[in-house]
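Enquirer: Just passing along the structure, written as structure tokens.
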Amino acid sequence: MNNESDKKIVPGQQKGKPTHDQADIVIIGNGIAGLTAAVEARRLAPEKRIVIVTDQIHPTINTPALKQFAIAKLTREQLLAYPAGTERAERIHVVSSRVTEIHAQSKYVTLSNKRGFGYESLLIATGSTPQGLPENIPGRNFDGVLTLHRLQDYLDLRRRLGEVNEAIVIGGGVHAIETVMGLLYWGIRTHWLIRGKTFMGRVLDDPASEIVLNNVRRAGAIVHLETEVAGIIGRVGAVAGAITNQQEMIPCQIVLSCTGTRAATSLARSCTVPMMHKNGIMVDDKLRTSVRGIYAAGDVAALKNPQTGNYEPRAQWYAAVAQGRIAGSMMVGHSELAMQPFGVPWHATHLGELSMLTVGEPISSDPRLTTLTDTSQGGYRRMSILEDRLVGYLSLGSSQPDSLAIKRLIDEAVSIKDVTRSLLKGQFDSRSYLSNQRSHAARNMLLLNQPAAPLKREEATPTRKLPNTGELRQVAAQSQTNYVAASHPNHQLNEPQTDQLAPMAVMPFDIDEINPFSGNLPDVSFSGLDGTGLYSQGKFMQPRPGPATPPPMQPQPRSGLINGRTEQKATPNKKEASYKLWAYVNAEPEDNTGRRQNIHEGERY
């Protein structure tokens, strides 16, 4: 039995004329942010018509798990981010096409096949694109030079590993080190080329960088600092080695580029109303862009860092899931999840045998900050403190602290004068501390007949001032570019909101911790939510068991390498679905004779 909303998705088509369909919600991109937004919108608004437009040829996958898939620790079926058939079960229509233009005033998008979709709310979740090797590198197109980013790249890598004895990995970030450790897992001699003097110089200080690099060297990698590829050497069209800027020739059979990504902001320039974008599509704390009715989430969205004032993408799995839920709820008129600012950025991952956590600005050069470091218990911790407030936290070690709780200490400017030592030693029980803070406030309210005061915030320190939900409007008004108002006098930015900040964070710290290496999804059901979308006080301090952590990778004999003959098979934990995976709405064939209209290119910020 078809739902009434489904019948309205695809109207009758008129022969010889382009079709123009209508949906309540149109989502561009089927990455984790896009699909999570669609699922959340369907949960809150069963009657809405929801369409996802994507040119991706496979369903939504767990992208952090691609590194494990490449070395045969996971099967292809285990890469699915949601159970097979989620789109069909949730009545989410998936259109296989590419959006070329956004007509913001008329509220419809144009697809590559001349088809259009009208919308009430639009979400841009187009993710990011890899940077790859520079265009001027000789030999960059030889067979065996791969840029690792999407599923197709890892399928290609997986097919090649059986013929690889020596490899080069290029890049100085988390993606690169995870790739290095994966190759070492299969006993492949691996050269790691890092352009800088240290590893992740913007995130780690010199001692932390040296700890990571020594750990990788002990695992067997050959690390080349201040080294870049000057050219690729080929033999009959295939990679045979690389020449570096240090005048060194490194033989190899494969070159893997892991040099970072950039937000896919082309649609911001293909919008009839100029959309603010810098390092990504600029959004406020409710994920609204500068164009009314349009949201952005995931790797493409640039959020304001409350400590630096810069707009930056937060290209992590956990952030994309959280943003997807907020965007989905906002598009159906539920703003409960967006009541609290996103706060400071944080990142957690596995670096070989080490767990790394960074929250806020642990290596800020602000002269007002006090820096404390500790190397006890086989790890390294660094804290940046302003007066008695935590501004940044860095941890390296065999275990990872409670990342979301430490983030909350910074976001809420909680005094740490009584727990500084335990934080520095990695022995801080953050859950108990925050619970006691709230218990103390509740006791004052009962015994002294006083209202419970919120946790104290630092108002005089601009480096910790959190943005309000109207932050993007203020930026637009203060920027030097009054181009939007001048060119489009009827255009207005999103209306500023006066919602009060909720007492709890967007994603409270008792939610399932994410395993950054495998990218396990949190519990999307959120059974602890009360009717307002916030956690009830009774369940607030009750932790739930987190997802299982993958076992540490041990070197395997080359006889088990993936070569089409002895591939390891992992057993999926979930029952295999017997129904069709995707509910596609097939797009019409592209009309090659049609000419694309000229678009108004927005000013780049």
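Enquirer: If each of Ala238 and Gln131 carries a label point 7 Å out from its Cα toward its Cβ, how far apart are those two points in nm?
Expert: 3.1 nm
Enquirer: Still on this structure: Enumerate the amide H contacts of Glu101 below 5 Å, restricted to partners 5 or more residues apart or on another chain; note that Pro and chain-start residues carry no placed amide H.
Expert: Amide H neighbours of Glu101: Thr110.
Enquirer: Tell me the per residue accessible area of the range 145-259 using a 1.4 Å probe; a whole number in Å² is fine. Walk me through the numbers before you get to the answer.
Expert: Values: 4700 Å² over 115 residues.
Ligands and nucleic acids excluded, the result is 41 Å² per residue.
Enquirer: Could you order peptides 388-397, 255-264, 304-313 by the average number of other Cβ atoms within 10 Å of their residues, highest first?
Expert: 388-397, 255-264, 304-313
Enquirer: Taking θ as phi - 60°, what are the ³J(HN,Hα) couplings along the range 125-142 by the Karplus curve (6.51, -1.76, 1.60), each to the nearest whole Hz, with x for Gly and Pro?
Expert: So the Karplus estimates, Gly and Pro as x, are 9, 7, x, 9, 10, x, 7, x, 6, x, 4, 8, 7, x, x, 5, 9, 5 Hz.
Enquirer: Please report, as a whole percent, how much of the solvent-accessible surface of the range 339-382 comes from carbon and sulfur atoms (probe radius 1.4 Å). Don't skip to the end; give the middle numbers.
Expert: Details: 840 of 1770 Å².
The value for the range 339-382 is 47 percent carbon and sulfur by accessible area.
Enquirer: Moving on to the next point. Determine, from the Cβ-Cβ distance of Gln377 and Thr308 and an R0 of 35 Å, the FRET efficiency 1/(1 + (r/R0)^6), rounded to the nearest 0.05.
Expert: Numbers: r = 31 Å, r/R0 = 0.89.
E between Gln377 and Thr308, to the nearest 0.05, is 0.65.
Enquirer: Go through the range 27-34 residue by residue and turn each phi into a ³J(HN,Hα) via Karplus (6.51, -1.76, 1.60, θ = phi - 60°); whole Hz please, and just put x for glycine and proline.
Expert: 10, 9, x, 10, x, 5, 5, x
Enquirer: Still on this structure: For each pair in Lys304/Lys407; Lys48/Lys407; Lys48/Lys107, compute the distance between the two Cα atoms and list the pairs where it is over 24 Å. Write down the numbers at each step before the final one.
Expert: Working: Lys304/Lys407 16 Å; Lys48/Lys407 35 Å; Lys48/Lys107 17 Å.
Checking Cα-Cα distances, Lys48/Lys407 exceed 24 Å.
Enquirer: Let me ask you something else. Between Gln247 and Glu47, how high is the FRET efficiency from 1/(1 + (r/R0)^6) when r is the Cβ-Cβ distance and R₀ = 60 Å? Nearest 0.05.
Expert: Calculated transfer efficiency: 0.35.
Enquirer: In addition: If you count the DSSP beta bridges with both ends in the range 159-267, what percent of them are antiparallel, to the nearest 5?
Expert: Values: 9 of 21 bridges.
Antiparallel: roughly 45 percent of the beta bridges in the range 159-267.
Enquirer: Quick check on packing: order 121-134, 205-218 by the mean number of other C-beta atoms within 10 Å, highest mean leading.
Expert: 121-134, 205-218
Enquirer: May I pose another question? Toward the positive end of the charge dipole of the range 145-259, about the Cα centre and with charges on Cβ (Lys, Arg +1; Asp, Glu -1), which of Ile233, Gly162, Ile222 goes farthest?
Expert: Farthest towards the positive pole: Gly162.
Enquirer: Heavy atoms only, probe 1.4 Å: what % of the accessible area of the range 145-259 goes to carbon and sulfur, would you let me know? Spell out each step's value before the answer.
Expert: Values: 2210 of 4700 Å².
On the range 145-259, the fraction of accessible area on carbon and sulfur atoms equals 47 percent.
Enquirer: Counting heavy atoms of the protein chains only and a 1.4 Å probe, report the per residue accessible area for the range 304-400 as a whole number of Å².
Expert: With the other protein chains kept in place, the range 304-400 gives 33 Å² per residue.
Enquirer: Okay, moving on. Sort Met275, Met200 by heavy-atom solvent-accessible area, probe 1.4 angstrom, most to least.
Expert: Largest accessible area first, the list is Met200, Met275.
Enquirer: For the charge dipole of the range 215-341, defined by +1 on Lys and Arg C-beta atoms and -1 on Asp and Glu C-beta atoms about the Cα centroid, which residue among Cys271, Met249, Ile281 has the Cα displaced farthest towards the positive pole?
Expert: Positive-most Cα among the choices belongs to Cys271.
Enquirer: Turning to a different aspect of this structure: Taking the mean number of other Cβ atoms within 10 Å as a proxy for protection, how do you rank 20-33, 358-371 from highest to lowest?
Expert: On the way: 20-33: 25.4, 358-371: 17.1.
Answer by packing, highest mean first, reads 20-33, 358-371.
The values are calculated or read from the model by the stated rules, or taken from the named source; none is laboratory data. None of these values were measured; they are calculated from a predicted model. Every residue, glycine as well, gets a Cβ built from its backbone with ideal geometry; the counts of neighbours run over all protein chains shown. Surface accessibility is based on the protein's heavy atoms, side chains included, excluding ligands, DNA and RNA. Shrake-Rupley method; radii C 1.70, N 1.55, O 1.52, S 1.80 Å.
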